Amino acid sequence: RQLAPPSGCRPPQLKMAFAVNQVACRLGVCGRREERLSTEHASLRGAQALHRPARPLSLQRLVACGAQDSRTSAMSQDSKPLAPGPDAEAEAEPEPAWKAIEAARQERLRRIKENSEAAKAYNRRVQSERDARRGQRGGDVELQALEELDAVPYLTDDGLVTPSEQEKRRAKAVVYAVLDESEAVQFVGASRNLRSSLLSHLVRVPQACYWYKVFYLKATPSRALLGEYVQQWVEQSGTTAAGRGNDGAAGQTLWERPLNVLDIMTDEEAQTISAAEAGPKRGRAIKAVCRKYEAEIKRVLEQRQVTESLRFDPKMKERGLLDLKAAAPNTSVPDQGPPKAK
């Protein structure tokens, strides 16, 4: 647009007015700004108004307002935002947090498994070294043949199961064989407490316990070494036959495990237990059957003139099992001290 030069306006002033007009037109100023641009005479009141210090600031504000109006008009023409591209979607959607948590958990489980495997390998190595040392100490003793050992009576003259004096010399372990009345080997085993093992066999299989042979080990042997010794005597005695103590089936279970009354009770006793209500009443019914077989075992032992004080585990009777209760160690303290010397 061309503006008529105001009265009394010099050429430099006119150039400035045209410059302002061109800038406003290029920035797209229209509408409410048009009145301001159409009345330049108000802004150009003489040469002094053009040369004021604040005038450049007004020009900057005009430029800023024009830029804002241009952005507003552009947004009004296209109000819908542009659809983001595939790259923008990938950048806008971060990885879910649960994936990072799951990865951390899997890494933690992997470290725990590695540490556990390392600990198990270390324990196996330590145990093998310990067994090797025990085997070296116990391997110096050669196991005697079963035929070379003398048979020892199962009971003493007093009716007690008391091993010979050699066991009292702190033998670390024993390999023993139990013989019947005709001195035929019925069972071969190893133990670290000979008296306890002999008592258990006497209660479980009283008709086959009359003699025993034993080999004492003064050094602490490994479990593997004891297994080798037992296997040697089993091969020599032939107790792996069916029904013998080392047959690996019901015969061996009878010698090594508590007596299961539920397997040998009569049909009438089984009906009595099944008829009892589940809970305490059925437990009392099972105990009653166990007491019946306990009395039968004690009657057989009395015929053998056994004077041992036998006590069966009451808690195992509730499950239908009969076995001796382990004797508690003597921890009593004498009331009076040793007698004083006069």
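Okay, here's what the table says:
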{"read-out": "Counted residues, region 182-200 - those being in contact with an Asp or Glu (Cβ under 6 Å, 6 or more places away or on another chain) and part of a helix (DSSP H, G or I)", "value": "1"}
{"read-out": "Selection within region 305-321 - outside any loop (DSSP other than H, G, I, E, B) and either of a type in the set (A, V, I, L, M) or loosely packed, with under 15 Cβ neighbours inside 10 Å (or both)", "value": "PRO314, LYS315, MET316, LEU321"}
{"read-out": "Residue that is surrounded by the fewest Cβ atoms within 10 Å (Cβ to Cβ), among those in region 209-251 that are among the hydroxyl-bearing types (Ser, Thr, Tyr) and within 13 Å of GLN186 (Cα to Cα)", "value": "THR240"}
{"read-out": "Test: residue in region 257-277 that is within 26 Å of ALA151 (Cβ to Cβ) and without any contact (Cβ under 8 Å) to a residue 60 or more places away in the chain", "value": "yes"}
{"read-out": "All positions within region 258-291 that are farther than 19 Å from PRO314 by Cα, open to solvent by 50 Å² or more (accessible area, probe 1.4 Å) and not hydrophobic (A, V, I, L, M, F, W, C)", "value": "THR266, ASP267, GLU268, GLN271, THR272, SER274, GLU277"}
{"read-out": "Answer residue from region 187-214, given it is hydroxyl-bearing (Ser, Thr, Tyr) and either under 38 Å from the mean Cα position of the chain (by Cα) or modelled with pLDDT under 90 (or both) and is nearest to VAL300 (Cα to Cα) among those", "value": "SER200"}
{"read-out": "Region 178-237: number of residues that are farther than 16 Å from ARG304 by Cα, of a type in the set (Ser, Thr, Tyr) and without any contact (Cβ under 8 Å) to a residue 60 or more places away in the chain", "value": "3"}
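The values are calculated or read from the model by the stated rules, or taken from the named source; none is laboratory data. No experiment lies behind these values; they were computed from the predicted model shown. FYI the Cβ positions are ideal-geometry reconstructions off the backbone, even for glycines, and counts take in every protein chain you see. Only protein heavy atoms, including side chains, enter the accessible area calculation; ligands, DNA and RNA are left aside. Shrake-Rupley method; radii C 1.70, N 1.55, O 1.52, S 1.80 Å.
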